[in-house]
Amino acid sequence: MSDPAEQLEAFLQRVPYVRFLGMRAELSGDEMTAILPAAPHLVGNTFLQALHGGVIGAFLEMTALAQLSVTQGSAKVHKTIDVTIEYLRPGRPLTTYARADLRKVGRRVANVHVEAWQEARDQPIAFLRGHFLLSDPK
Amino acid sequence: MTDIPQTVPDIVRQMAEHMATTVPQAAALGFRLVSVEPGRGSISAPWREDLVGDPDTDVIAGGVVTSLLDHTCGLACAAAAGTEPFSTATLDLRIDYMRPAAPRAGVTAAAHCYKVTRTIAFVRAEAWDVDNSDLIATAQGAFVVNRPNT
């Protein structure tokens with residue numbers, strides 16, 4: 001199972017929490033765009049109709065893990081060591097997109113940056129920087 | 001008024017209890033309020049099959065812990081308000097994961113808002129599965145304070 005598309009589909013199908021979020025992903029070569037359609041259960045502030053900050057963070061983290069599963073060719077879920085989430089704009093009740101950039105994939109640890117946006121790529125709503133422990137080192 | 005009060009005013013307590021469990025994302029994750037004290041809050045999230053992050057181990061997803069920590073930090077901020085409640089928005093949140101939760105275990109978080117200025121609240125939080133001396137994650141965050149009439 002080394003085909004990136006199969007790898008990605010396996011990851012998305014296997015993880016129950018991905019289905020809870022309603023997260024999908026599209027692949028162009030080995031570059032993945034994660035997609036999170038707006039849904040009532042993701043709202044954190046009904047007054048402002050804003051997505052929950054935790055949901056945005058979780059979506060970014062799942063994007064990093066999905067991209068790692070595509071690139072590393074492992075069906076196992078890698079483990080998060082730490083994440084820093086920076087919020088730039090409120091998440092509106094719109095579809096959110098995210099792309100992960102694997103800055104360094106070492107033998108044991110990967111450094112990943114993820115960016116999330118909604119209507120315009122040049123107006124990101126949040127960033128995540130994180131370290132992940134690779135469960136199946138190459 | 002930026003000092004953290006000695007007691008939690010009733011109106012702030014009601015607002016805090018409301019936000020802890022009835023916000024849609026909190027309700028969807030089944031959050032339960034554990035406690036509210038001045039500048040402090042605690043919430044638990046039960047384990048559920050549809051919230052599993054690793055199907056090989058049945059461990060609850062890191063994303064649930066992220067939402068729980070963010071939400072509990074928000075609760076601690078709300079509990080740091082004086083007689084004039086304010087709302088908050090997350091500016092940044094750093095989470096360290098010490099270890100995965102136990103298989104099929106729920107998670108409890110406790111947060112402490114230790115400083116509030118006119119515009120920013122500073123918060124630390126911890127999460128554990130079984131024993132609060134054996135943590136699964138710690139967090140540090142800064143929150144923008146939105147005061148009414150400012």
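The values are calculated or read from the model by the stated rules, or taken from the named source; none is laboratory data. As the structure is a computational prediction, the values presented were derived from the model and not from experiment. Here Cβ is always computed from backbone atoms with ideal geometry, including for glycine, and neighbour counts include all displayed protein chains.
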Exercise. Of the residues that sit in the stretch A:1-41 and are of a type in the set (Lys, Arg) and in contact with a helix residue (DSSP H, G or I) (Cβ under 8 Å, 6 or more places away or on another chain), which one is surrounded by the fewest Cβ atoms within 10 Å (Cβ to Cβ)?
Worked result: A:Arg19
Problem set entry | All positions within the stretch B:105-150 that are touching a strand residue (DSSP E or B) at 6+ places or on another chain (Cβ under 8 Å) and assigned to a loop (DSSP other than H, G, I, E, B) | B:Ala105, B:Gly106, B:Thr117, B:Arg118, B:Thr119, B:Asp129, B:Asn132, B:Asp134
For this session: Looking at (1) at pLDDT 95 or above; (2) within 14 Å of chain A (Cβ to nearest Cβ), find the lone condition where B:Pro55 falls short.
Result: (1)
Exercise. With (1) surrounded by 20 or more Cβ atoms within 10 Å (Cβ to Cβ); (2) not in a helix (DSSP H, G or I) as the list, and A:Asp82 as the residue in question, which single condition is left unmet?
Worked result: (1)
Seminar exercise, completed: Checking B:Val8, B:Val12 in turn, the sole residue that is away from every other protein chain (no Cβ under 12 Å), more than 11 Å from the chain's Cα centre (by Cα), outside any helix (DSSP H, G or I) and of a type in the set (A, V, I, L, M, F, W, C) turns out to be B:Val8
Seminar exercise, completed: Picking from B:Ala105, B:Ala80, B:Ala27, B:Ala89, the residue that is more than 14 Å from chain A (Cβ to nearest Cβ) and within 16 Å of the chain's Cα centre (by Cα) would be B:Ala80
For this session: Tell me which residues, restricted to the stretch B:60-72, are outside any loop (DSSP other than H, G, I, E, B) and facing chain A (nearest Cβ under 9 Å).
Result: B:Ile60, B:Gly62, B:Gly63, B:Val64, B:Val65, B:Thr66, B:Ser67, B:Leu68, B:Leu69, B:Asp70, B:His71
Problem set entry | Looking only at the stretch A:1-32, and only at residues there that are without any contact (Cβ under 8 Å) to a residue 12 or more places away in the chain and within 20 Å of B:Asp54 (Cα to Cα), the one that is farthest from the other protein chains (Cβ to nearest Cβ) | A:Glu6
Problem set entry | Test result for A:Ser74, loosely packed, with under 15 Cβ neighbours inside 10 Å and out of contact with any Lys or Arg (no Cβ under 8 Å at 6 or more places or on another chain) | no
Exercise. Counting only residues that are touching a strand residue (DSSP E or B) at 6+ places or on another chain (Cβ under 8 Å) and among the hydroxyl-bearing types (Ser, Thr, Tyr), which one in the stretch B:8-37 is farthest from A:Ala58 (Cα to Cα)?
Worked result: B:Ser35
Exercise. For the subset of the stretch A:33-75 comprising residues that are in a loop (DSSP other than H, G, I, E, B) and within 20 Å of B:Ala28 (Cβ to Cβ), which member is farthest from the other protein chains (Cβ to nearest Cβ)?
Worked result: A:Pro37
